[in-house]
Amino acid sequence: MNTGPVVVVDYDAGNLRSVARALTHVGADPVVSADPDDILNAGAVVLPGVGAAADTMFKLGERRLVEPIKEYLAANRPFLGVCMGLHALLLRSEEGGGQDCLGVLDGDARLFPAGAGLKVPHMGWNTVEWLREHPITEGVPNGSYFYFVHSYYPHSDAPGLALGETEYGVVFPSVLASGYVVATQFHPEKSGRDGLRIYRNFVDWARSGESVPLPSATLVS
Amino acid sequence: MLTRRIIPCFDVDNGRVVKGVSFVELRDAGDPVELARLYEREGADELVFLDITASSDNRSTTYDMVERTADQVFIPFTVGGGIRSVVDMKVMLELGAEKVSINTSAIQQPDLINEGAYRFGSQAVVVAIDARRVPGEQGKWEVYTHGGRNPAGLDAVEWAVEATGRGAGELLVTSMDTDGHLKGYDNAMLRAISEAVQVPVIASGGAGGPEHMVEALTEGKADAVLAASIFHFGTYSIREVKEYLAAAGLPVRPVQRD
């Protein structure tokens, strides 16, 4: 049973307050914190993020948040990464000439191939097709629309890591899920009713205390 | 598939919506937050607030509006008007706006685009371009500042390219020629700009009905369409517009039913 509060990691991410508001809206009473103890004692952790990968990793390092996040994740506890919070979980991002990330999920972030009428950033509402069942997709129909804003997309060859996929020039895994870790490329806090449902499902799942096996695709050791 | 966005726009003065909005179901049709919630329910994909408050002393009403909107509305919204510095941008984004829009200030100090994109990411920086056809010249449009009053001496397409090169993540393109006439957008200008840049273009100025939006999205190659009066006066609902666009073969996010 995960009894601690839902903690939104505060590293000055642009969507920090929007994420906290969405969690408040679904009754989660989130704590916004940069305190490692809060993260380690959390019932669930949400990592927001917009902007650049290098800036994100720099700020997480500067605030001494990398080790607490990794320690929390190593215990296979409920974690949600949003947008840049997804990229931060990958091995690396192509952005800014290459940036090493936390290496929690086996994949990398790649730049959309511009040209052929493809505008970058990928900005607006696009569909997500669910690839399997998962507690966070409860009540969210296949093909639901979510709000995306990003120039780099996640890529992964790890079997079973993708939970949802989206097409924009390429087909990419727009939702990754492994053990108790879920990460969305889109912004559920800006995706209306279905987005709020994702947050509600995540909070309910975290509070359910369900035992989730640590899968092999998770790289944290 | 990525959908085309339908974006209602509000002019806000001292925290109140101006230009007479007539909605019978609203208790207070001048309250931007109540209107924003209504449009979210009706299926708007994004919202734009243009703050026309003349006095900078009254910014607190705008801040309050942005914060209350962010508390209650869970779709992206942009705030423009009166943003002249990185600090102004930061305040709006921290209060909960997804993006800020800059127009005159981007022309007066173009580095503001670079600084904003560096600090907050390109996705947060919209450059709004107001332009008019250059009389007698085919395919030329001149940029205007101060709400369309002063010529800036810039070619609209060249300025669009420069603004995106400096880091603008999106362009909001308004034709001063077509604005307010309800006879359609300036699709030639939209197309010239859209083909010259890599970032999404929002069409603005002149929507009288959904057929004009289809034209802006096809002939004009815009990625999104903005409109004010046709929604505010109830001429068309967002659902009607989306159904029209869908029938014309354009991808739209369907309006959810409660």
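To keep it simple, each residue is scored yes or no on (1) within 14 Å of another protein chain (Cβ to nearest Cβ); (2) in a strand (DSSP E or B); (3) among the β-branched types (Val, Ile, Thr); (4) free of Cβ contacts under 8 Å to residues at least 60 places away in the same chain.
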site: A:64; (1), (2), (3), (4): no, no, no, yes
site: A:67; (1), (2), (3), (4): no, no, no, yes
site: A:80; (1), (2), (3), (4): no, yes, no, no
site: A:140; (1), (2), (3), (4): yes, no, yes, no
site: A:145; (1), (2), (3), (4): yes, yes, no, yes
**Prompt:** So residue A:127 clears everything in (1) assigned to a strand (DSSP E or B); (2) in contact (Cβ under 8 Å) with a residue 60 or more places away in the chain except one condition, right? Which one?
**Reply:** (2)
**Prompt:** Which of the residues belonging to the range A:181-210 are more than 14 Å from every other protein chain (Cβ to nearest Cβ) and either β-branched (Val, Ile, Thr) or in contact with a Leu (Cβ under 8 Å, 6 or more places away or on another chain) (or both)?
**Reply:** A:181, A:182, A:183, A:184, A:202, A:203
**Request:** Hey, can you tell me all the residues within the range B:175-193 that are under 15 Å from the mean Cα position of the chain (by Cα) and of a type in the set (Gly, Ala, Ser)?
**Result:** B:175, B:180
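Every residue, every condition in (1) under 30 Å from residue B:33 (Cβ atoms); (2) part of a loop (DSSP other than H, G, I, E, B); (3) modelled with pLDDT of 95 or more, yes or no:
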residue: B:105; (1), (2), (3): yes, no, yes
residue: B:118; (1), (2), (3): no, no, no
residue: B:123; (1), (2), (3): yes, no, no
residue: B:138; (1), (2), (3): no, yes, no
residue: B:174; (1), (2), (3): yes, no, yes
residue: B:188; (1), (2), (3): no, no, yes
residue: B:191; (1), (2), (3): no, no, yes
residue: B:195; (1), (2), (3): no, no, yes
**Subset of the range A:147-167 [without any contact (Cβ under 8 Å) to a residue 40 or more places away in the chain and within 13 Å of another protein chain (Cβ to nearest Cβ)]** = A:148, A:165
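Conditions (1) at pLDDT below 95; (2) buried (at least 22 other Cβ atoms within 10 Å of the Cβ), marked per residue:
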| position | (1), (2) |
| --- | --- |
| A:94 | yes, no |
| A:97 | yes, no |
| A:104 | yes, yes |
| A:111 | yes, no |
| A:124 | no, yes |
| A:127 | no, no |
| A:154 | no, yes |
| A:176 | no, yes |
| A:183 | no, yes |
**Prompt:** Would a scan of the range B:163-183 turn up a residue that is farther than 30 Å from residue B:43 by Cβ, of a type in the set (Gly, Ala, Ser) and either within 14 Å of chain A (Cβ to nearest Cβ) or touching a Ser or Thr at 6+ places or on another chain (Cβ under 7 Å) (or both)?
**Reply:** yes
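The values are calculated or read from the model by the stated rules, or taken from the named source; none is laboratory data. Computed from a prediction, not measured in an experiment: that's the story for all the values here. Glycine gets a Cβ as well: all are built from the backbone with ideal geometry, and neighbour counts include every protein chain shown.
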